[in-house]
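> Sending over a structure as structure tokens; questions will come in a sec.
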Ligand SMILES: [Fe+2]
Ligand SMILES: [Fe+2]
């Protein structure tokens, strides 16, 4: 892999990563996973690894501003960051902004550029335990009217199943073989609803006992 610019990396670590401090579902575990996936794809497709790293690092940074439109808020944070002009051309910044704006899994239209396809695919949780952890917390925060585990699980499962495309698969834009393999294993597990429910239940039992549930409601700022 081509080397990441160490100054850029340091700038992002110091100035962007702290934006995720008060996020739970979108905290640094998620961001680091997305960075790993993006760098893997950048290597595979011979993309600019500094752009890949920057896109992944900024992609959810706008969540604290407006959850529903966070892809646009994150894009604004990137475009308004003057420091990035030291490392990238106007055109590269525009490409990164478009990629971030197009990253959401609920989007049905193909992203406008290939970096957008890569960040969208990198953002998917094809790991059922991690998805359970992230999705249960989002559900608790965003749907306080749901009264018990069964209601939360049903909503979570339905929401993710809406992402199955017309070919009967959880969508991937790039169809990268490494991600396809992960996706297929995940899909088999997730569509076994009893199994998926047991994984979500373990996570629910854990966070309702260890104080995380209250922290999600009272402390964390993401949804
Ligand atoms: Fe996002
Ligand atoms: Fe994300």
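> Once you keep just the Cα pairs under 8 angstrom separated by 6 or more residues, what percentage relative contact order results for the chain? List each step's numbers first, then the result.
Details: 255 pairs, mean separation 47.7, N = 223.
This gives 21 percent for the chain.
> Please give the direction-averaged projected area of the C-alpha convex hull for region 128-218, in square nanometres with one decimal.
Values: hull surface 25.8 nm².
Orientation-averaged projected area of the Cα hull: 6.4 nm².
> Points 7 angstrom from Cα along the Cβ direction at residue 202 and residue 10: gap in nanometres?
For residue 202 paired with residue 10, the spin-label model returns 4.2 nm.
> Let me ask something additional. Give the distance, in whole Å, between the Cα centre of region 206-223 and the Cα centre of region 100-170.
Value for the Cα centre distance between the two parts: 20 Å.
> In addition: Provide 40, 51 in ascending order of the number of other Cβ atoms located within 10 Å of each residue's Cβ, fewest first.
Working: 40 17, 51 20.
Lowest to highest Cβ neighbour count: 40, 51.
> Then there is this: Quick check on region 1-73: what are the equivalent-ellipsoid semi-axes from the Cα gyration tensor, as sqrt(5λ), descending, whole Å?
Numbers: eigenvalues 97, 35, 22 Å².
Semi-axis lengths for region 1-73 are 22, 13, 11 Å.
> Also, quick follow-up: May I ask for log10 I(q)/I(0) of the chain at q = 0.11, 0.12, 0.13 Å⁻¹, from a Debye sum over the Cα atoms as equal point scatterers with solvent left out?
The Cα Debye sum returns log10 ratios of -0.55, -0.66, -0.77.
> On full extension of the chain, what length is gained from residue 158 through residue 80, given 0.36 nm per residue of separation minus the C-alpha to C-alpha distance?
Details: separation 78, 0.36 × 78 = 28.08 nm, distance 3.66 nm.
Stretched fully, the residue 158-residue 80 segment lengthens by 24.4 nm.
> Assign one of three labels to region 173-220, namely rounded, prolate or oblate, based on the Cα gyration tensor with a ≥ b ≥ c the square roots of its eigenvalues; rounded applies when a/c is under 1.5, prolate when it is not and a/b is larger than b/c, and oblate otherwise.
Note, shape of region 173-220 comes out oblate.
> What is the spin-label model distance, in nm, from residue 91 to residue 43 if the labels are put 7 Å beyond Cα along the C-beta direction?
Those two pseudo-labels are separated by 2.8 nm.
> Please give, to one decimal in nm, the separation of the simple spin-label points placed at residue 167 and residue 147, each 7 Å out from Cα toward the Cβ.
4.3
> A further question on this structure: For region 6-122, treating each Cα as an identical point scatterer without solvent, what Debye log10 I(q)/I(0) comes out at q = 0.10, 0.14, 0.18, 0.23 1/Å?
Scattering profile of region 6-122, log10 relative to I(0): -0.24, -0.50, -0.86, -1.52.
Values in this text are rule-based calculations from the coordinates and carry no lab data. Every value quoted in this text rests on a predicted model; they were computed, and no experiment measured them. Using ideal geometry, Cβ is built from the backbone for each residue, glycine included, and neighbour counts are taken over all protein chains shown.
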